[in-house]
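The values are calculated or read from the model by the stated rules, or taken from the named source; none is laboratory data. The structure displayed is predicted, hence computed values, not measured ones. Neighbour counts run over all protein chains shown; Cβ positions are idealised from the backbone, glycine included. Keep in mind that these areas ignore ligands, DNA and RNA; they rest on the heavy atoms of the full protein, side chains included. Shrake-Rupley method; radii C 1.70, N 1.55, O 1.52, S 1.80 Å.
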Amino acid sequence: MSEVRVRFAPSPTGYLHIGGARTALFNYLFARHHGGKFILRIEDTDTERTIKDSAEKLMAAFRWLGISWDEGPIVGGPKGPYFQSQRQELYRKYADELVAKGAAYKCYCTPEELAQEREQARLERKAPRYSGRCRSLTPEQVARFEAEGRKPAIRLRTPDEGVTVVHDLVHGDVTFRNEEISDFVIMKSDGFPTYNFACVIDDWQMELTHVIRADEHLSNTPKQQWIYEALGAPMPKFAHVPMILAPDRSKLSKRHGAQTVEEFMEKGYLPEAILNYIVLLGWTPPDSTKEIMSLGEMIELFDIDRVSSTPAVYDTTKMTWMNGQYLRMKTPEELMEWYIPVAEKMGLASEAELRSRKDWLEKVILALRERSRTIDEMVESSAYFYRPPAQYDEAGEKKLFTKVGVAALLKKGARALSSVEDWTLENIESSYRRLIEQEGIKGGDIIHPTRLALSGKTVGPGLFELIEILGKEASVARLDAAASYVEEKGLEGSKKA
């Protein structure tokens, strides 16, 4: 095999969708696995749909994910420019060559005439198909159209009968009936190329060996093959990866939750988890039970032969679970760099404050790491370490703060903690164990209401770990405050201790 050259060619019309990220990742892994080149090309010829700064956002998302490109915007390369809007002369040159050799022709049909043809086909219950009325215009007809000021499009001459077979690395041989595809436009009347034409010219000129893209482009492939043949250009190998469906196997929509890389970034997901999850959307490693893989392992294991032809099902629950696995692999020091910006954004503390309490913050992160699935979730669940709970869990309050004697127990817990001189986890636990023994109660009788008093929640890290991180002053104050709350609200008495 000659040096593998593949590309990802997004249109700058929005954020990086999970489906696009998956296609880019497959190309990246294929190139790295075979020691080849991964090219990024921006297909920005659709001026009406192009969104300002979208290309920059797409590239920022790739960098965040850890997907680097060998040729393309910013890094450059020998086959540039890598924005289609800067390659217009190239498209015009090859379109003119195809017209000169008779493989393409100028079409002067107006939008109204084309609409009339489509309507006639509808009335006759036929598939819309261009009639070919401009295939053999006389010089006189051309002169008349030019005098009328008509701007011609350019259409490729396509075969009227027979079949075209696409040899696809994922789907195998796919057959298309030529009669179902009419002469199609390769250059629009405004001078811009159509997707199929610009795509072929760029893939050819950039010397791609493989075109790995979404399933939705399979129907474009016979048209592109005809363009390659008309140009006399070598054809790359095609691989169309499966579409991604919602859990109910319907088309993905906003109602199915986050779908862009940027949304997952904002929700506190890790790039490693996103890559690991999306690589499994349509690809299976040799060991089908293997789910957690580093990028290096993906590169080593990936090949197009193991890409499925059936649709993949998108499940954010699985991605969230996987993100939790990656959180637990990271050290508190590593997680701190993700935690701090989110904590500052949520108003818990400034970056300077957090970094000045590095040792304390590492304890907070370590205490929450096992129960957290995303960075945002970790930060949100850590709020009680910074400030007393504004309210107590409603179900917990009804269950724990209504027992007779709970206020007195909370006060005794506060006094027990006040007496701890050397503030260590062992000494904190010992003080509570002595209290439990002295009162002749079950451990849960004081441990559970203490947790609720300190955090406002009924679940969380180990109680004594929680107390140790909060510190003596905050722990004592919160226990006393909870006892006063129980007394002032008259909560005691509906349940027996």
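Taking K and R as +1 and D and E as -1, what net charge do the other residues with C-beta under 13 Å from the C-beta of V75 add up to?
Counting the neighbours of V75, the net charge comes to +2.
At 7 Å along the Cα-to-beta-carbon direction for both A143 and E421, put a label point, then send me their distance in nm to one decimal.
11.4
Work through the residues other than E124 whose Cβ is under 15 Å from its Cβ and net out their charges, Lys, Arg +1 and Asp, Glu -1.
That sum, taken over residues with Cβ under 15 Å, equals +3.
Tilt of helix 443-455 relative to the longest C-alpha principal axis of the chain, in degrees (0 to 90, nearest 10)?
So the inclination is approximately 60 degrees.
For the range 226-366, what is Rg from Cα atoms divided by 2.2 N^0.38 Å, rounded to two decimals?
Taking N as the residue count of the range 226-366, the ratio is 1.40.
Compute the distance in nm between two label points, each set 7 Å from the Cα along the Cα-to-Cβ direction, one at R249 and one at V459.
Label at R249, label at V459, 3.2 nm between them.
Using only the Cα atoms of the range 1-103, construct the convex hull and provide its projected area averaged over every direction, in square nanometres to one decimal.
Mean projected area of the Cα convex hull: 8.2 nm².
Only four residue types carry charge here, +1 at the Cβ of Lys and Arg and -1 at the Cβ of Asp and Glu. Report the dipole size of the range 115-174 about the Cα centre in Debye, rounded to the nearest 20.
For this selection, approximately 280 debye.
Can you pull the accessible area of M235 for me, 1.4 Å probe, Å² to the nearest 10?
Counting only protein heavy atoms, M235 exposes about 80 Å² to solvent.
Can you compute the label reach from F83? Point 7 Å from Cα along the Cβ direction, backbone N cut-off under 19 Å, restricted to the range 9-28.
Hits in the range 9-28 for F83 at 19 Å: 9-16.
Show me the ranking of peptides 273-282, 138-147, 35-44 by mean Cβ neighbours inside 10 Å, starting with the highest.
273-282, 35-44, 138-147
Under 10 °C and 1.306 mPa s, how fast does the chain diffuse according to Stokes-Einstein, given a Kirkwood radius computed over C-alpha pairs? Answer in µm²/s, whole number.
Stokes-Einstein gives a translational diffusion coefficient of 58 µm²/s.
Using Cα centres only, tell me the gap between the range 1-46 and the range 56-118 in whole Å.
Between the Cα centres of the range 1-46 and the range 56-118 lies a distance of 15 Å.
Hey, what angle do you get for helix 111-123 against the long axis of the chain, alpha-carbon based, 0 to 90 degrees rounded to 10?
80
Please give the charge dipole size of the chain, origin at the Cα centre, charges +1 on K and R Cβ atoms and -1 on D and E Cβ atoms. Round to the nearest 20 debye.
Using only the charged Cβ atoms, the result is roughly 840 debye.
Can you list residues whose amide H is under 5 Å from R5's amide H, if they're 5+ apart or on another chain and H is modeled 1.01 Å from N?
HN-HN under 5 Å from R5: K37, T209, H210.
Please work out the average accessible area per residue across the chain, using the 1.4 Å probe convention, and give it in Å².
In whole numbers, the chain has 48 Å² accessible per residue.
In degrees, nearest 10, range 0 to 90: what is the angle between the Cα axis of helix 332-345 and the longest Cα principal axis of the chain?
80
Quick one: go through the range 18-44 and flag any residue whose amide nitrogen is under 19 Å from the point 7 Å out along the Cα-to-Cβ line of I74.
What the label zone holds, given the 19 Å backbone N cut-off, is 18, 20-29, 32, 37-44.
Using a probe of 1.4 angstrom, how much of the accessible area of the chain is carbon and sulfur, in percent?
50
Any chance you could list the semi-axes, whole Å, largest first, of the equivalent ellipsoid that the Cα gyration tensor gives for the range 164-309, using √(5λ)?
Ellipsoid half-lengths, sorted descending, are 32, 19, 16 Å.
Using the C-alpha gyration tensor of the range 328-442, what are the square roots of 5 times its eigenvalues, in whole angstrom, with the largest one first?
For the range 328-442, the ellipsoid semi-axes come out as 31, 18, 13 Å.
At what distance in nm do the modelled label points of A390 and D96 sit from each other, each positioned 7 Å from its Cα along Cα→Cβ?
6.8
Search the structure for amide H atoms under 5 Å from the amide H of V241, placed 1.01 Å from N in the peptide plane, and list their residues when 5 or more places away or on another chain.
For V241, whose amide H was placed from the backbone, the distant partners under 5 Å are R213, A214, D215.
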